[in-house]
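The values are calculated or read from the model by the stated rules, or taken from the named source; none is laboratory data. Keep in mind the model is a prediction, meaning the values are calculated, not measured. Note: ideal-geometry Cβ built from the backbone for every residue, glycine included; neighbour counts use all protein chains shown. Areas reflect the complete protein model, heavy atoms only, side chains present, ligands, DNA and RNA absent. Shrake-Rupley method; radii C 1.70, N 1.55, O 1.52, S 1.80 Å.
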Amino acid sequence: MTSVPMPYSSQAHQAAHQFLVEEAHLFDSLQYDEWLNLLTDDVRYVMPVAVTMAKGAAPTRKGIDHFDEDLYSLRKRVARFATGHAWAEDPPSRLRHYVTNVRTFEGPGDSEFTVESAVLLFRSRGDDRAPEIVSAGRTDLLRASVNGLRLARRTVSVDESVLRTQNLAVFL
């Protein structure tokens, strides 16, 4: 990836930004089946555990993830929401995804873009539980297809080493 982002006025950046905004809408309106249509067959969706380390220390979080999913597991996760066994989402969460600081770079392959963004998730469940906020950075690989951009890889880097959420049933 080049270290110089595309101009915000570029067509590729505008398309990537629109993709992320529309994806956030699908999450907030609980349209997970529609979201699955935005994924490539070889998608990877990863959220490494954040580890606090001293300056200069070698990273030790390799292979330690909150989740590392592919299309099969994402489909199973979404299908579970429709069953009576998804207690973590019954009643469903009220969600609001705020996506900002979007920067688009040329990707590693033709018709691919690397997109960095910041996401803030506000999540509320039930009537008496305190709302939750999750802050994270994301690095996405978006791939152009005949049907528009598709998500090929997402790495979610949470800003806290200890998550203060009851579960990770929703998507970031």
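Model label sites at HIS66 and VAL51, defined 7 Å from Cα along the beta-carbon direction, differ in position by 1.7 nm.
One decimal place: the segment GLU22-ALA86 gains 20.5 nm when fully extended, by the rule 0.36 nm per residue minus the C-alpha distance.
For ARG75, ARG125, ARG80, ARG138, the ranking by accessible surface with the largest value first comes to ARG75, ARG80, ARG125, ARG138, using a 1.4 Å probe.
Full extension of the segment from ALA144 to SER124, taken as 0.36 nm per residue of separation minus the current Cα-Cα distance, would add 3.8 nm. In order along segment 4-12, the phi-based Karplus estimate (6.51 cos²θ - 1.76 cosθ + 1.60, θ = phi - 60°) of 3J(HN,Hα) comes to 9, x, 5, x, 4, 7, 5, 4, 5 Hz; Gly and Pro are listed as x.
Annotation: VAL4 carries an accessible surface of approximately 100 Å², with a 1.4 Å probe and no ligand, DNA or RNA atoms counted. For segment 123-138, 3J(HN,Hα) computed residue by residue from phi via the Karplus equation (6.51, -1.76, 1.60; θ = phi - 60°) reads 9, 10, 9, x, 10, 10, 8, 5, x, 10, 10, 10, 10, 7, x, 10 Hz, glycine and proline entered as x.
Ordering TRP87, TRP35 by accessible surface, largest first, gives TRP87, TRP35; the 1.4 Å probe counts only protein heavy atoms, with every chain in place.
Provide ILE64, ILE133 ordered by accessible surface of protein heavy atoms (probe 1.4 Å), highest first.
Values: ILE64 80, ILE133 105 Å².
Final ranking, largest accessible area leading: ILE133, ILE64.
Across the accessible surface of segment 17-111, with the other protein chains kept in place and a 1.4 Å probe, carbon and sulfur atoms take up 51 percent.
Remark on ARG153: its backbone amide H falls under 5 Å from those of ARG44, LEU141, a criterion applied only to residues 5 or more positions apart or on other chains, H modelled at 1.01 Å from N.
Remark: the chain carries a charge dipole of roughly 380 debye about the Cα centre, counting +1 on each Lys and Arg Cβ and -1 on each Asp and Glu Cβ. In the context of the full set of protein chains, residues of segment 46-172 present 58 Å² of accessible surface per residue (probe radius 1.4 Å, heavy atoms only).
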